[in-house]
Amino acid sequence: MHVERLQERVALAPFATLGIGGPARWFVRATHVEHLLTASRSEGEPLFVLGGGSNLVISDEGFNGLVLQIAIGGVNTTRDGEDVIVTAGAGESWDSLVESAVKQDLAGIECLSGIPGTVGGTPIQNVGAYGQEVATVIEWVAAYDRVERAAVRLSRDDCGFAYRMSRFKREDAGRFMISEVAFRLKRGAPPTVTYPDVVDYLAQQNVQCAHVQHVRDAVLHIRRRKGMVLDAADSDTRSVGSFFMNPVVDRTTFERIAPAPHYLMDNDTVKIPAAWLIEQSGFARGHSDGAVGLSTKHPLAIVNRGAATARDVLRLAHRIKLAVRERFEVHLRPEPVFVGFAPDDADVAFLTL
Ligand code: NAP
């Protein structure tokens, strides 16, 4: 078995799209499933599993434990009747997987084009965009269970998926080290075209009968316009993408806020774009606050303008959440995962309230 070298005091900022984060006490890359078992034996040492780093706010003090970077690769495709099961190692690039599925005419994840990060990160927050979410196509998730001390395979129902949420982020945070994910895709099926941005783009391009490739192109175009596709030359993309989730409120709350852009959901609830609430509360795109600010292209993205600290990011997020709460009495909830902060950190506690 090939075991990668254990390194000491490794700066984490280069592993995070936000470009912020102090050192890991210990750091190791896992390129094989067996490495997960080895790492899980590091008794007593706090463990953090790192994927693509696209959804992390890592503290300025870093992480006082072992950071395990999941770099397990490999993609396999098998047929199951009309469907195709695509299985990918957790360390594979998510967007490369989407690109390859679209090239093979497989429908189911085309709207999730241009999302940074790795395959293994997608079930954790049930990544979704433009009318698709991974929960609908995930067949199973393979992981190492640190409680049962065994390799397990969880079916879609076992994953406890909800809007941008799963058991991996909620009750079982830190329990499972995801090694592989299988997706059930449909060859030749029509793509999902439901979101206004996508519908409008395809109409502008005179696309009558959309193919998965058209939808991928549309989503990439829309995301680039919003600074949501990683680009080293564009400081607007030095972020975790959307910092807050889009709140789903009850009808009474919505009527108090209306008129506002909104989408009707199940159980008489209404989803309001967080971006709109933020702008209405006095934080416009391009807002600047020392080394941090809001993307000039999207008010939902807090960006590191160069030398920002994690504390700068948290303080701006704190001010935004407070402003939205004071103006609309709506609690915005953060989307990223906070790493290496003290359990009683006041900013993190307020944000996750
Ligand atoms: P957007 O396209 O400006 O849309 C703003 C809001 O409208 C979002 O709340 C979106 O819901 C909602 N919406 C638009 N059309 C809808 C429809 N036909 N039915 C129901 N809801 C509709 O949003 P954005 O901030 O630029 O983000 C674009 C997409 O990427 C969104 O889907 C967003 O959720 C997604 N995204 C996901 C992640 C993640 O998974 N972690 C991170 C960043 C962005 P939804 O949010 O439910 O889609």
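The values are calculated or read from the model by the stated rules, or taken from the named source; none is laboratory data. This is a predicted model, so every value here is computed, not measured. Because the Cβ atoms are built from the backbone with ideal geometry, glycine has one as well, and the counts that use them run over all protein chains shown. These area figures cover heavy atoms from the full protein model, side chains too; ligands, DNA and RNA do not enter into them. Shrake-Rupley method; radii C 1.70, N 1.55, O 1.52, S 1.80 Å.
Extending 7 Å from Cα along the Cβ direction at residue 288 and again at residue 211 yields two label points whose distance is 4.6 nm.
Applying 1/(1 + (r/R0)^6) with R0 = 25 Å to the Cβ-Cβ distance of residue 194 and residue 255 gives a FRET efficiency near 0.50. Computed over every Cα-Cα pair of the stretch 225-308 and binned at 5 Å starting from 0, the pair-distance distribution P(r) comes out as 3, 16, 22, 19, 14, 11, 9, 4, 1 percent.
The stretch 73-152: which GluC sites (Glu not before Pro) are DSSP loop and have at most 13 other beta-carbon atoms within 10 angstrom?
On the way: sites: 82, 92, 99, 110, 133, 139, 148; in loops: 82, 92, 148.
Counting only loop positions with at most 13 other Cβ atoms within 10 Å, the GluC sites (Glu not before Pro) in the stretch 73-152 are 82, 148.
Multiply the residue separation of residue 93 and residue 262 by 0.36 nm, subtract the distance between their alpha-carbon atoms, and state the gained length in nm to one decimal. Intermediate results must be reported in sequence, preceding the final value.
Details: separation 169, 0.36 × 169 = 60.84 nm, distance 3.27 nm.
Taking 0.36 nm per residue and subtracting the Cα distance, the gain is 57.6 nm.
Ranking 350, 291, 265 by how far each Cα lies toward the positive end of the dipole of the stretch 235-352 (charges on Cβ) leaves 291 at the top. In the chain, excluding the sites themselves, the longest stretch lacking any of the trypsin sites (Lys or Arg not before Pro) that are in a DSSP loop with at most 13 other Cβ atoms within 10 Å is 171-353. Computed extension gain for residue 225 through residue 175, at 0.36 nm per residue and net of the alpha carbon distance, reaches 14.3 nm. Which of rounded, prolate or oblate describes the stretch 173-284 when judged by the alpha-carbon gyration tensor and an a/c cut-off of 1.5? Rounded, because the longest to shortest axis ratio a/c is under 1.5. Solvent exposure of the chain amounts to 45 Å² per residue of accessible area, where only protein heavy atoms count and the probe is 1.4 Å. The ratio of the alpha-carbon radius of gyration of the chain to the globular-protein estimate 2.2 N^0.38 Å is 0.99.
Add +1 for every Lys or Arg and -1 for every Asp or Glu among the other residues with Cβ under 10 Å from the Cβ of residue 286, and state the total.
Numbers: positive: 285, 297; negative: 236.
Here the charged neighbours net out to +1.
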